[in-house]
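Scroll down for the structure; my scribbles are underneath it.
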């Protein structure tokens, strides 16, 4: 009798464990039959917040939003679109840059689907729901190489944002997809051409807002509004004329969820990354994601789900103060002043906060100078500022680089310009094989767009520069130089290579250290732009010198 009872209990326990293992007691949101995703290439959180976007802002008001979603690095299109649809970072799927190709890569995916790609939400949905209707319409052709073609019912690459939207809307109305994904490239294009944060950029966002309205209308026309989840997101932001770097402006975006089972007027607290998108779609459609995915669903955005019980928010980071003149495109805060002393003002951006500052390049704290009014500088220096609120939360440190030279100071940087039309450069060229097209002198190691613009042939933005000067070092010691460039560059001191920042990329900063003796040293930079936007500046730090733009007053003709 005892053996029979023990056997019965063991069978019951086994059946119970088996039942739990089959569903793992996962609770999903109910009633979501369709997920529509609108991906906005190159859209910063600042853009979403500041642009005239009444439709998007209404979706935020009546939905859930996370404003500081972190991208993967580099903050470029291919790595991030791949991470978004593949539910994992670059280390897992292997798409580490925009040059990646299905037959041209260095890091294979850690696990592959049938066609050799790391599993995307499209392929995984097809595997779990073979009859699902899945469609993708995209403006950037490069998106088409990132997903399993056999997994989708509808695959269209359209030439512009209007045709992309019209095609996607028609698809929604005709097919009522389980998962529909639209990619728009307009905002990224405008950012590269006119600059992020410009009037052109915000106008492009307003135009895209109207296109999002059309997609919303198509969901209503299709009769699926009551059981559809709409997600609006981006791959990266931008700074200046590009992206790819590790700055807040480039590496943070906004994600918006609206529709069936989504909370209203809710700000998501849990940390979110771009690769959480795929897991969130799977969660909404009641699919358990593959183990290889590292992304987690944004459960707290859904009705009936709370923030993670183990959520740790740490100290809040409040908005940083702005030192005027503030950043413009890639240009750092501060400016070169010729023949006059700058008046510096600082604007506290955080509510109920105080701002402290230093004028010697040191890091400020609550014992530093309290800002209460504008002040005058009489020398080249770095101004740093930080804000603290009443709860003790702080901002990151803002820096502004002020350079002062007298009126009669002569430009000390000689620039040689090389036309790269039809060259197809993706690395620095061999300058000894090129012929100088133009040359001029300027005050600092930078690219003057007013000089370069007229030299570029129509439809071509490929060129190279050599910049040369002499630098006055006032104390023996180790000096670290920094070069920020889009695209490639190298920096030399006394003909010795100190920094190699070569190759096609957005604005990336690299550095190198060299021991210099007191006196005069030769300094030069080789630079090229392969295509699109361009940028260059040089910074340094040394004994008793805080990191700052290499100032004109240390350069000699």
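The values are calculated or read from the model by the stated rules, or taken from the named source; none is laboratory data. Just so we're clear, the structure is a prediction, and the values are computed from it rather than from any experiment. Methodologically, a virtual Cβ is constructed for each residue, glycine included, from the backbone with ideal geometry; neighbour enumeration extends over all protein chains shown.
I'd like the full set of residues that are surrounded by fewer than 24 Cβ atoms within 10 Å (Cβ to Cβ) and over 28 Å from the mean Cα position of the chain (by Cα), limited to the range 173-193. Listed by number, the residues that qualify are 173, 174, 175, 176, 178.
Which of the residues belonging to the range 217-227 are surrounded by 14 or more Cβ atoms within 10 Å (Cβ to Cβ), in a helix (DSSP H, G or I) and in contact with a helix residue (DSSP H, G or I) (Cβ under 7 Å, 6 or more places away or on another chain)? Selection gives 218, 219, 225. Return a yes/no flag: does the range 34-43 have any residue that is touching a helix residue (DSSP H, G or I) at 6+ places or on another chain (Cβ under 6 Å), at pLDDT 90 or above, outside the structural domain of residue 349 (by TED's automatic domain parsing) and on the phi > 0 side of the Ramachandran plot. The answer is yes; a qualifying residue exists. Scan the range 133-141 and tell me whether some residue there is free of Cβ contacts under 8 Å to residues at least 60 places away in the same chain, at negative phi and surrounded by fewer than 16 Cβ atoms within 10 Å (Cβ to Cβ). Within the range 133-141, one or more residues are free of Cβ contacts under 8 Å to residues at least 60 places away in the same chain, at negative phi and surrounded by fewer than 16 Cβ atoms within 10 Å (Cβ to Cβ).
Do we have any residue at all in the range 213-225 that's over 27 Å from residue 46 (Cβ atoms), touching a residue at least 24 places away in the same chain (Cβ under 8 Å) and not assigned by TED's automatic domain parsing to the domain that holds residue 46? Don't jump to the end; show me each part of the working.
From the range 213-225, those over 27 Å from residue 46 (Cβ atoms) are 217-225; that's our starting set.
Restricting the remaining residues to those that are touching a residue at least 24 places away in the same chain (Cβ under 8 Å) gives 217-219, 221-225.
From what's left, not assigned by TED's automatic domain parsing to the domain that holds residue 46: none.
Within the range 213-225, none of the residues are over 27 Å from residue 46 (Cβ atoms), touching a residue at least 24 places away in the same chain (Cβ under 8 Å) and not assigned by TED's automatic domain parsing to the domain that holds residue 46.
Residues in the range 143-162 that are part of a helix (DSSP H, G or I), touching a strand residue (DSSP E or B) at 6+ places or on another chain (Cβ under 9 Å) and free of Cβ contacts under 8 Å to residues at least 40 places away in the same chain: 144, 149, 151.
Given the condition in contact (Cβ under 8 Å) with a residue 40 or more places away in the chain, outside any loop (DSSP other than H, G, I, E, B) and in contact with a helix residue (DSSP H, G or I) (Cβ under 6 Å, 6 or more places away or on another chain), answer yes or no: does some residue in the range 484-497 qualify? I'd like the intermediate steps shown before the answer.
First, pick out the residues of the range 484-497 that are in contact (Cβ under 8 Å) with a residue 40 or more places away in the chain: 484-491.
Okay, now just the ones that are also outside any loop (DSSP other than H, G, I, E, B), so 484-486, 489-491.
Among the residues that remain, those that are also in contact with a helix residue (DSSP H, G or I) (Cβ under 6 Å, 6 or more places away or on another chain) are: none.
No: zero hits.
Here is the figure for the range 285-323: residues that are free of Cβ contacts under 8 Å to residues at least 24 places away in the same chain and out of contact with any helix residue (DSSP H, G or I) (no Cβ under 8 Å at 6 or more places or on another chain) total 5.
Here's the yes/no breakdown for (1) over 23 Å from residue 95 (Cβ atoms); (2) touching a helix residue (DSSP H, G or I) at 6+ places or on another chain (Cβ under 7 Å):
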{"residue": "146", "(1), (2)": "no, yes"}
{"residue": "151", "(1), (2)": "no, yes"}
{"residue": "155", "(1), (2)": "no, yes"}
{"residue": "160", "(1), (2)": "yes, no"}
{"residue": "164", "(1), (2)": "no, no"}
{"residue": "167", "(1), (2)": "yes, no"}
{"residue": "172", "(1), (2)": "yes, yes"}
{"residue": "175", "(1), (2)": "yes, no"}
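Per the listing 415, 386, 493, 473, the residue uniquely modelled with pLDDT of 95 or more and within 30 Å of residue 316 (Cβ to Cβ) is 386. Name the residue that is nearest to the chain's Cα centre (by Cα), counting only residues in the range 339-351 that are closer than 23 Å to residue 547 by Cβ and surrounded by fewer than 16 Cβ atoms within 10 Å (Cβ to Cβ). Here the answer is 349.
On the basis of being in contact (Cβ under 8 Å) with a residue 12 or more places away in the chain, over 26 Å from the mean Cα position of the chain (by Cα), within 24 Å of residue 554 (Cα to Cα) and assigned to a loop (DSSP other than H, G, I, E, B), does residue 379 make the cut?
Details: in contact (Cβ under 8 Å) with a residue 12 or more places away in the chain: yes; over 26 Å from the mean Cα position of the chain (by Cα): yes; within 24 Å of residue 554 (Cα to Cα): yes; assigned to a loop (DSSP other than H, G, I, E, B): yes.
It is true that residue 379 is in contact (Cβ under 8 Å) with a residue 12 or more places away in the chain, over 26 Å from the mean Cα position of the chain (by Cα), within 24 Å of residue 554 (Cα to Cα) and assigned to a loop (DSSP other than H, G, I, E, B).
Considering each residue of the range 513-534 in turn, none proves to be within 23 Å of residue 247 (Cβ to Cβ), free of Cβ contacts under 8 Å to residues at least 24 places away in the same chain and surrounded by 19 or more Cβ atoms within 10 Å (Cβ to Cβ). Here is a check on your reading of the model: is residue 444 part of a loop (DSSP other than H, G, I, E, B) and closer than 19 Å to residue 493 by Cα? So residue 444 fits the description; yes. Scanning the range 286-316 for residues that are on the phi > 0 side of the Ramachandran plot and at pLDDT 95 or above gives 286, 304.
Checking every residue in the range 237-249 against the condition of being at pLDDT 95 or above and not in a helix (DSSP H, G or I) gives at least one match. When the range 121-142 is filtered for residues that are in contact with a helix residue (DSSP H, G or I) (Cβ under 6 Å, 6 or more places away or on another chain) and within 26 Å of residue 189 (Cα to Cα), the ones remaining, listed by number, are 135, 137, 139.
Quick one: is residue 360 free of Cβ contacts under 8 Å to residues at least 12 places away in the same chain and either over 28 Å from residue 83 (Cβ atoms) or outside any loop (DSSP other than H, G, I, E, B) (or both)? In short, no.
Scan the range 164-182 and tell me whether some residue there is part of a loop (DSSP other than H, G, I, E, B), closer than 30 Å to residue 456 by Cβ and in the same structural domain as residue 42 (by TED's automatic domain parsing). Before you say what the answer is, go through the steps one by one.
Let us first name the residues in the range 164-182 that are part of a loop (DSSP other than H, G, I, E, B), namely 176-178.
After this cut, where a residue has to be closer than 30 Å to residue 456 by Cβ as well, the list is none.
Within the range 164-182, not a single residue is part of a loop (DSSP other than H, G, I, E, B), closer than 30 Å to residue 456 by Cβ and in the same structural domain as residue 42 (by TED's automatic domain parsing).
Rundown of residues vs (1) closer than 21 Å to residue 119 by Cβ; (2) surrounded by fewer than 24 Cβ atoms within 10 Å (Cβ to Cβ); (3) outside the structural domain of residue 176 (by TED's automatic domain parsing); (4) more than 17 Å from the chain's Cα centre (by Cα), yes/no style:
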position	(1), (2), (3), (4)
233	yes, yes, no, no
237	no, no, no, no
243	no, no, no, no
249	no, yes, no, no
253	no, no, no, no
285	yes, yes, no, yes
294	yes, yes, no, yes
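Are any of the residues in the range 420-437 under 30 Å from residue 505 (Cα atoms), in the same structural domain as residue 486 (by TED's automatic domain parsing), in contact with a strand residue (DSSP E or B) (Cβ under 9 Å, 6 or more places away or on another chain) and not in a loop (DSSP other than H, G, I, E, B)? Yes, the range 420-437 contains a residue that is under 30 Å from residue 505 (Cα atoms), in the same structural domain as residue 486 (by TED's automatic domain parsing), in contact with a strand residue (DSSP E or B) (Cβ under 9 Å, 6 or more places away or on another chain) and not in a loop (DSSP other than H, G, I, E, B).
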